[in-house]
1. Having 3 or more residues that are modelled with pLDDT of 90 or more is the bar; report the helices (runs of 4 or more DSSP H) wholly within the range 195-268 that clear it.
2. What's the number of the condition residue 178 fails, among (1) crowded, with 18+ Cβ neighbours inside 10 Å; (2) in the same structural domain as residue 222 (by TED's automatic domain parsing); (3) in contact (Cβ under 8 Å) with a residue 40 or more places away in the chain; (4) touching a helix residue (DSSP H, G or I) at 6+ places or on another chain (Cβ under 7 Å)?
3. I'm told residue 470 meets every condition in (1) in a helix (DSSP H, G or I); (2) closer than 25 Å to residue 563 by Cβ; (3) among the hydrophobic types (A, V, I, L, M, F, W, C) except one. Can you identify the failing condition by its number?
4. Select, from 502, 496, 478, the only residue that is exposed (fewer than 13 other Cβ atoms within 10 Å of the Cβ) and within 28 Å of residue 576 (Cα to Cα).
5. Take the range 248-304 and flag every residue that is hydrophobic (A, V, I, L, M, F, W, C), within 17 Å of residue 229 (Cβ to Cβ) and touching a helix residue (DSSP H, G or I) at 6+ places or on another chain (Cβ under 9 Å).
6. Applying the selection to the range 87-106, what residues are under 25 Å from the mean Cα position of the chain (by Cα) and surrounded by 20 or more Cβ atoms within 10 Å (Cβ to Cβ)?
7. Within the group 483, 463, 444, which residue is under 30 Å from residue 43 (Cβ atoms), of a type in the set (A, V, I, L, M) and at pLDDT 80 or above?
8. I'd like the full set of residues that are touching a strand residue (DSSP E or B) at 6+ places or on another chain (Cβ under 8 Å), among the small types (Gly, Ala, Ser) and assigned to a loop (DSSP other than H, G, I, E, B), limited to the range 330-382.
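The values are calculated or read from the model by the stated rules, or taken from the named source; none is laboratory data. Every value quoted in this text rests on a predicted model; they were computed, and no experiment measured them. Reconstructed Cβ throughout: ideal geometry from the backbone, glycine too, with neighbour counts over all protein chains shown.
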Amino acid sequence: MTGPIKNIAFFGCALTSRYRSGLCKCFNNAAKRIGASIIYFNSLGKIGEKNTEYGECEYDLIDYIDLDQFDGIIYDGEGYNVEGAAEKVIEKLRTAKCPVISISSYVDGFYNIDFEDASGMRKLVEHFIDVHKHTRIGFMSGYLTHPDAQLRLREFKAVMRERGLPEEGAGIFEGDFWFNKGNEAADFFLSRPERPQSIVCANDYMAIALISAFKLRGIKVPDDIAVSGFDGSVESKQYIPHITTATREREDIANITMKLLVELKTTGTDHTDHTVSPRTIFTQSCGCIPIDFNTALQNVDDFYNDIRLFDYCLNDTEAAMLKLNKVEELDSLEHAFRECATNFGDYSAFFLFMQTDTRGCLSCTSSFDSPAGIFRPVIWIDEKNEFIRADGPMTSSHMIPVRKSDVPHFYYITSTYCAERMFGYALIEMKDDDIFSDFYNIFLLNLSVTIERLWKNDNIRQLYKKQKALYEKQKQLSVHDELTGMFNRRGFDEASKRAISSLRDKCTVCTMVLDMDGLKRINDVYGHSEGDIAIKTAADIITACCTSNEIAGRTGGDEFYVYASDYSQEKLDSFNSNLLRLCDEYNKNHDKPYKIELSYGGYLCETDNNGSIEEFMKISDSRMYEQKMSKPNRRKREV
């Protein structure tokens, strides 16, 4: 492997979280130093706390990503929170020909950069023992099915044992890695036979929740009970008191990853896994550093500035929802995006690519068949004119627009999906090294809902067209026989009655009844499918005989009616002659084990528009029956 590293893929979930947004910035800065671009494949995963939702088809996009276009791949598996998602991503990444580096969880076969969480937890516990001389130390764990919670609890117990203290300490409480268990944890620790001198929490969020619960109960931190967290979150620096914690060094992670990719590219395989050590921050919540009120006041000001910005962004989001709800055509999406995309950060480029089938039909249309791994741009916003516009389809090996220069770029690709459909993907590039805010995710979800609505509307339009066509077809079927295409009984009655009622003067009309001979035997011996062929043949012969504006219909299984106005004996004789001739020709020219034969009865009479078709048909039917029974070897009328 030789040559510079140009394109790196980064696979992760919830990249707008506080930790991962900072991680992305660190990776962007590290990539700049080696002249590489990063393409982030961001998943939203589960959304919501009480009622979590996620798109089952969100991870379908990974099937269309051609990994051969990348010189290296970074996998951040810790953030995937949908069951089976991490496994699907890993399965895909195992097919990569370039190096794959896992930065947050160990994956067999990948190059792994390990967070040395154990050493950070050890330093925190030892700090309370050695510096503060505490012997009653409690532990607030995350939910114990999580590997990070298990590791940090194991290390807590190990340090307690090594120092000759009970490994359960002053009590172990299972939390949730979030803010929901603070009150329960406070009551648990305050109800212990001996109140803890300090409590080590498995992350900063639970530490904040616990301290807030202590405040409500009149417990001062750190005067009454000291508390520490873990992870070094932004909130830990903003909260009062500041949280003693162990931080994951994101810059170290990014720099080690880039260094490893360069080494693998230039020198070949290296099976050594790398470790990133956390840095401990001992501050106000353990009593090491007093509160700096100037800093605290500045934090309050920053907090309220963030609230005001959040309110502005929330209002913009509400306006965007209303704006997008007015979009009725796909061509209007770009204009709506330009007007609405104002609240998630400054972007320099945004592209929306829609999946197509082999015929080029977009996935948001009812005519879309099955995905073909081809994507077509439907929104193209390039503020700096840095890309060569692609109006045609793009394949999975070229998911990113062609750049006009080799300057490093940092893209974020997110699947656009709704319900059970993946429509395509959105690609955005920000103007600086920061990632977009969560409001971008909200905007994409609203955009996807809009596309879903366009898809449904197109389906409704097409369904209306189909139903209209079906109505016309049903209307035809209601008066036509499906097997023969002739009028059915209803159609014949309506057509013949209209014809006789339209007579202005008296004239000679004709009615005929025709009945197939031997249909029952054909069905019994050769099957009903062959019987249908015989009926269709008889119908075609009768239709061919109708050369003088006759109205013909199949009115029963093997029974046919014919009516004609302004008729004559000559025309009737011609009809009968042609009928016999066509039957004879068919029987001679087709090697069938049976013959097509018809009995018929005709009736001519003079009438006006008050004539009764029913009465005329009775006479014709009687004459047909007489003819059928006069044939050799006939003893009764077949049905």
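1. Per the criteria, 204-216, 250-267.
2. (1)
3. With (1) in a helix (DSSP H, G or I); (2) closer than 25 Å to residue 563 by Cβ; (3) among the hydrophobic types (A, V, I, L, M, F, W, C) applied to residue 470, the lone miss is (2).
4. 502
5. Of everything in the range 248-304, those that are hydrophobic (A, V, I, L, M, F, W, C), within 17 Å of residue 229 (Cβ to Cβ) and touching a helix residue (DSSP H, G or I) at 6+ places or on another chain (Cβ under 9 Å) turn out to be 281, 282, 286, 288, 291.
6. 89, 90, 93
7. Sole residue among the options that is under 30 Å from residue 43 (Cβ atoms), of a type in the set (A, V, I, L, M) and at pLDDT 80 or above: 444.
8. Result: 341, 345, 360, 363, 372, 373.
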